[in-house]
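Undergrad: Have a look at the structure that comes next, please.
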Amino acid sequence: MNDLMSVVDWSRAQFALTAMYHWLFVPLTLGLSVIVAVMETIYYRTRSERWLAITKFWMTLFGVNFAIGVATGIILEFEFGSNWSNYSWFVGDIFGAPLAIEGLLAFFMESTFIAVMFFGWKKVSPRFHLAATWLTGIGASLSALWILVANGWMQYPVGMEFDPAQMRNVMDDFWAVAFSPVAIHKFFHAVFSGWALAGVFVIGVSCWFLLKKRNEAMAIRSIKVGGTIGLAGMLLTLWTGDSSALDVARVQPMKLAAMEGLYEGKCGQEIVAFGILNPEKKPDNDADPYLFDISLPKGLSFLATHDFNAFVPGINDLINGIELTPEGDTIRHESYAERIEIGRRAHEALRRFDAASAKGDTAAMALAAADLKADYRFFGYGYLDNPSQAVPPVALTFYSFHTMVILGGYLMLFFAVVLWAVWRRRSWLSNKIILWAGMLTIPIVYVCSQAGWVTAEVGRQPWIIQDIMPVQAAISDIPVSTVMLTFWLFAAMFTAFLAAEVGIMLRQIAKGSKSDYESLKD
């Protein structure tokens, strides 16, 4: 058992490492593709040599980031087969479909048109080149769509049925998978947050130009485009985040409880604006959950349901299967202990089906299949030993979520100040404090982005498929030493990738600062 858990822990660590490195590149690709397309559109309409040079400068940085992102993304997909082969077998017919569409349609589309973007200048018409640039951005977003459809299905499995004859899940409604509200909201949230991240990136690099007093006109124009798209992305991220919060409250209430460090829910539940968790607090004790907190009255009830007086269950409420109505009436659901028993009944029904199948007893097979179908909704709980195993890491989920929210508030203020400065108070952009703030916000927005990803993925633990399959049932039968070795190899390789990208970008930015954009015709 210790060896099994070691393989689980190291496999999770390796996948988290790969995903977090990959997520360093994806949002910038999604946002910068749109910013570059807008800049080229301005060039197409004005035929300004300055706008052409600006477009090519940011397009180069986009290309560097795109290439490194592809390398990490390919490794990420291979890990499903190498480290999570039981998962891939169990749901391969469903999970593989959106990934196949992403590879055959979206990635093919963006990789085709990106060649025109970089090598098509003066070889195709300006209109065709502009179309290729926009199609590259659309292709990048479509890639994100199908990947997040797959991820959204893991968080909210729909459109499927378990086939005991194959011992695996099969898709019975493709459109339910493709248009799952969880997947769609995750997609828009990810794409729009990419716009915000890329907007900060453009502003930060442009602030460096202004600080060095080089190509200031180019920097001002870049800030106008990047800041506008970044602010739009930030506002839309807040909107889609609200929709995602409703989804989490509906289909992953334990994740929501962990995000707030909430153990005992109530009607009109407040939301923690800032807090420090009590490390001694556990589901089975009466310790105060917070050492310190600042809360907003009824905020969590509204976030979760759009009703200020609604009941929001805490961790203990969910474990015990208790819900309250606004009138104070108690509603009972299956407790987690009961879910474990239901899951074990489902496992036993599957074993009975397998035994009956070996004997050719069709009547027993039909009876076992009916029992399995009735209990399958809690199939994953049958792998758990006790209810506490269904509680995600509360501290990591809580602090990641609140880091994302606090930094998101800062980013809103940042975009408002920068856009006010560039449009109304140009003198502010000669202030070194403003310029340094612009540059330092680049790492801040990356921390915000990573915190959001950690919240989404850590908050759903222990499930690789919500309620259906925990991570310990999904791994491959491989030695822990192999996973440990590849973890450190990937860590070194991804760090080298990141260092290479940063180095190349810095050289391209320095090269751009030496170019004389001011001499070009407007």
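Undergrad: For region 20-45, list residues with backbone N below 17 Å from a point placed 7 Å from the Cα of R127 toward its Cβ?
TA: Flagged as within label range: 41-45.
Undergrad: So, one more: Going by amide H atoms built from the backbone, whose H comes under 5 Å of the H on I464, apart from near neighbours?
TA: M469, V471
Undergrad: Want the number for D163 to F118: 0.36 nm per residue separation, take away the alpha-carbon distance, what's left?
TA: Full extension of this stretch gives 11.4 nm more.
Undergrad: Residue farthest toward the positive end of the dipole of region 356-427, with Cβ of Lys/Arg at +1 and Asp/Glu at -1: which of A395, W423, A358?
TA: Farthest towards the positive pole: W423.
Undergrad: Then there is this: Please list, in order along region 49-63, the HN-Hα scalar couplings obtained from phi with the Karplus expression 6.51 cos²θ - 1.76 cosθ + 1.60 (θ = phi - 60°), rounded to whole Hz, x for Gly and Pro.
TA: 5, 5, 5, 5, 5, 4, 4, 5, 4, 6, 5, 5, 5, 4, x
Undergrad: Give the residue list of trypsin sites (Lys or Arg not before Pro) in region 84-145 that are DSSP loop and have at most 10 other beta-carbon atoms within 10 angstrom.
TA: Passing sites in region 84-145 are K122, K123.
Undergrad: Computing the accessible area with a 1.4 Å probe over protein heavy atoms, can you report the carbon and sulfur percentage for the chain?
TA: In the chain, the share of accessible area belonging to carbon and sulfur is 65 percent.
Undergrad: Could you work out the relative contact order of the chain, using alpha carbon pairs under 8 angstrom and six or more residues apart, expressed as a whole percent?
TA: 20 percent
Undergrad: Follow-up question, since we're still on this one. For a quick size check, give me the Cα extents of region 216-266 along its three principal axes, largest first, whole Å.
TA: Result, largest extent first: 56, 18, 15 Å.
Undergrad: Among L372, Y156, L30, which residue has its Cα positioned farthest towards the positive end of the charge dipole of the chain, with +1 placed on the Cβ of Lys and Arg, -1 on the Cβ of Asp and Glu, and the dipole taken about the Cα centre?
TA: Farthest towards the positive pole: L30.
Undergrad: Using a 1.4 angstrom probe on the protein heavy atoms only, could you order R45, R424 from most to least accessible area?
TA: So, going from the largest accessible area down, we get R45, R424.
Undergrad: Across all directions of projection, what mean area in square nanometres is found for the Cα convex hull of region 97-167?
TA: 5.9 nm²
Undergrad: Using alpha carbon centroids, what distance separates region 175-244 and region 405-465, in Å?
TA: 10 Å
Undergrad: Give the accessible area for H333 in Å² (nearest 10); use a 1.4 Å probe, count only protein heavy atoms, and leave out ligands, DNA and RNA.
TA: Number for this one is 80 Å².
Undergrad: Evaluate E = 1/(1 + (r/R0)^6) for E334 and A232, where r is the Cβ-Cβ distance and R0 equals 35 Å; express this FRET efficiency to the nearest 0.05.
TA: Approximately 0.20, to the nearest 0.05.
Undergrad: Report, by chain and number, residues whose modeled amide H sits under 5 Å from the one on D172, excluding near sequence neighbours (fewer than 5 apart, same chain).
TA: M160, E161
Undergrad: Also, I was wondering about something else. Treat each spin label as a single point 7 Å out from the Cα along the C-beta direction, and report the V447 to A176 distance in nm.
TA: So the two model labels end up 4.3 nm from each other.
Undergrad: Could I ask something else about it? How large is the helix-only mean residue ellipticity at 222 nm for the chain, computed as the sum of -39500 (n - 2.57) over DSSP H runs with n ≥ 4, divided by its residue count, in deg cm²/dmol to the nearest 500?
TA: Result for the chain: -24500 deg cm²/dmol, rounded to the nearest 500.
Undergrad: Which order do Y263, Y290 take by accessible area at a 1.4 Å probe, largest first?
TA: Per-residue accessible area, sorted high to low, gives Y290, Y263.
Undergrad: Let's see if you can work this out: charge +1 on each Lys and Arg Cβ, -1 on each Asp and Glu Cβ, no other charges. What is the dipole magnitude of the chain about its Cα centre, in debye to the nearest 20?
TA: The calculation lands at about 3260 debye.
Undergrad: Turning to a different aspect of this structure: Taking the Cα centre of each part, how many Å lie between region 34-68 and region 302-371?
TA: 53 Å
Undergrad: Can you pull the accessible area of V170 for me, 1.4 Å probe, Å² to the nearest 10?
TA: 40 Å²
Undergrad: When the chain is fully extended, how far beyond the present Cα-Cα distance does M493 get from K511, taking 0.36 nm per residue of separation?
TA: Difference between extended and current length: 3.8 nm.
Undergrad: So, one more: If you roll a 1.4 Å probe over the heavy atoms of the protein chains, what accessible area per residue do you get for the chain, in Å²?
TA: Working: 23350 Å² over 522 residues.
Computed with neighbouring chains in place, this is 45 Å² per residue.
Undergrad: How much solvent-accessible surface does F128 expose, in Å² to the nearest 10, with a 1.4 Å probe and all protein chains in place?
TA: Rounded to the nearest 10, that gives 100 Å².
Undergrad: For the chain, build the charge dipole from Cβ charges (+1 Lys, Arg; -1 Asp, Glu) around the Cα centre, then report which of P126, G275, Y383 sits farthest towards its positive end.
TA: P126
Undergrad: Taking θ = phi - 60°, what integer Hz values does the Karplus form 6.51 cos²θ - 1.76 cosθ + 1.60 yield along region 410-427, in sequence order, with x for Gly and Pro?
TA: Going residue by residue, I get 4, 5, 4, 5, 4, 4, 4, 5, 5, 5, 4, 5, 6, 9, 10, 10, 4, 5 Hz, with x marking Gly and Pro.
Undergrad: Counting Lys and Arg as +1 and Asp and Glu as -1, each charge on the Cβ, what is the dipole of region 271-375 about the Cα centre in debye, to the nearest 20?
TA: Here region 271-375 has a charge dipole of around 480 debye.
Undergrad: Considering only protein heavy atoms, with the full assembly of protein chains and a 1.4 angstrom probe, order K298, K186 by accessible area, largest first.
TA: K298, K186
The values are calculated or read from the model by the stated rules, or taken from the named source; none is laboratory data. A quick note: this is a predicted structure, and the numbers were derived from the prediction, not measured. All Cβ positions, even for glycine, are placed from backbone atoms using ideal geometry, and neighbour counts span all protein chains on display. Quick note on the areas: whole protein, heavy atoms, side chains included, nothing else; ligands and nucleic acids left out. Shrake-Rupley method; radii C 1.70, N 1.55, O 1.52, S 1.80 Å.
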